[in-house]
Amino acid sequence: MTDKELLDLRTAMVRCLMSMPETADAVDSRYEECLLELSDMILDLCDDEDDDDAWDDDDWDDEDWDDVDDGEDAEDAFEEFCFETWDYSWEKSGEWRSNYGPVRSCHYELSCGLRARDWEKVRKYFGENLEQDFLDAEDLFDILSDDLGSILLPAFEEAVHGTDREIPPTPDRFIFEKIVRDFCRENGFELFDFHEECLIR
């Protein structure tokens, strides 16, 4: 469909809408007329031989297909991810209960900055994820966020409940910086601006 044909079709649609009468019965009648008019225009365009030829696969060479956008390349997404600095945050709440009734509410949250330091380690960390289609840098960060959350959650649960149900949790149990730093060191990430806070009441 050429630009002129598309413009003609849009113009016809606008004219149909502007010509709608005010009464409900008349609207129904005019609506059907507009649909018929637009359908005829679309069929005429589809029957245009020149338009059919434009979409003939045999007339397209490799360069034409290269111009079709099929999503961001995984390698481009990886490089974009590695060049960016990412803000990560995580929080969780839980309750400690003793056998005699007392309850402690615990809320923990952390925030930090993350960026790729050793690209080869980071590439190995993402592994087969880099073979996916339609991948972008945000998707890679989501994978990283989910993995960090999966190691923080059991640490939080252990800090809340501990090994002795009679000893209530204390803030010194909720120090997870080493966990995050070890993860980052192992997988090629740099950790900075780390902040964590725990509230128990």
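If the chain between Leu130 and Asp73 were fully stretched, how many nm would it gain, using 0.36 nm times the residue separation less the Cα-Cα distance? It would help to have the intermediate numbers written out before the result.
Numbers: separation 57, 0.36 × 57 = 20.52 nm, distance 0.92 nm.
The Leu130-Asp73 span can extend by a further 19.6 nm.
What is the calculated FRET efficiency for Glu186 to Asp164, with r their C-beta to C-beta distance and R₀ = 35 Å, to the nearest 0.05?
On the way: r = 31 Å, r/R0 = 0.88.
Efficiency, rounded to the nearest 0.05: 0.70.
Could you tally the net charge around Lys92, taking each other residue with its Cβ under 10 Å from the Cβ of Lys92, Lys/Arg +1 and Asp/Glu -1?
On the way: positive: none; negative: Glu91, Glu109, Glu157.
Summing Lys and Arg as +1 and Asp and Glu as -1 gives -3.
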### Task
Just read off the accessible area of Ser93 with the full protein assembly in place, 1.4 Å probe, to the nearest 10 Å².
70
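At a 1.4 Å probe radius, which order do Trp119, Trp90, Trp96 fall into by accessible area, largest first? Write out the running numbers ahead of the final one.
Numbers: Trp119 80, Trp90 40, Trp96 10 Å².
Descending order: Trp119, Trp90, Trp96.
Heavy atoms only, 1.4 Å probe, whole protein assembly: order Ile200, Ile175 by accessible area, highest first.
Values: Ile200 45, Ile175 105 Å².
So the residues, ranked largest to smallest area, are Ile175, Ile200.
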### Query
From the phi of every residue in region 119-134, what ³J(HN,Hα) in whole Hz does the Karplus formula 6.51 cos²θ - 1.76 cosθ + 1.60 yield, where θ is phi - 60° and glycine or proline is x?
4, 5, 5, 5, 4, 5, 4, 6, x, 5, 4, 6, 8, 6, 7, 6
### Message
Kirkwood Rh and Cα-based Rg: tell me the resulting Rg over Rh for region 61-201, rounded to two decimals.
### Response
1.15
## Note on the structure
For the pair Lys121 and Arg97, the simple spin-label estimate (label points 7 Å beyond Cα toward Cβ) gives in nm 4.2
#### Entry: Per-residue SASA entry for Phe83, accessible area with 1.4 Å probe, Å² rounded to 10
150
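The values are calculated or read from the model by the stated rules, or taken from the named source; none is laboratory data. Since the structure is predicted, the reported quantities are computational estimates derived from the model, not experimental observations. Glycine also receives a Cβ, built like all others from the backbone with ideal geometry; neighbour counts cover every protein chain displayed. Quick note on the areas: whole protein, heavy atoms, side chains included, nothing else; ligands and nucleic acids left out. Shrake-Rupley method; radii C 1.70, N 1.55, O 1.52, S 1.80 Å.
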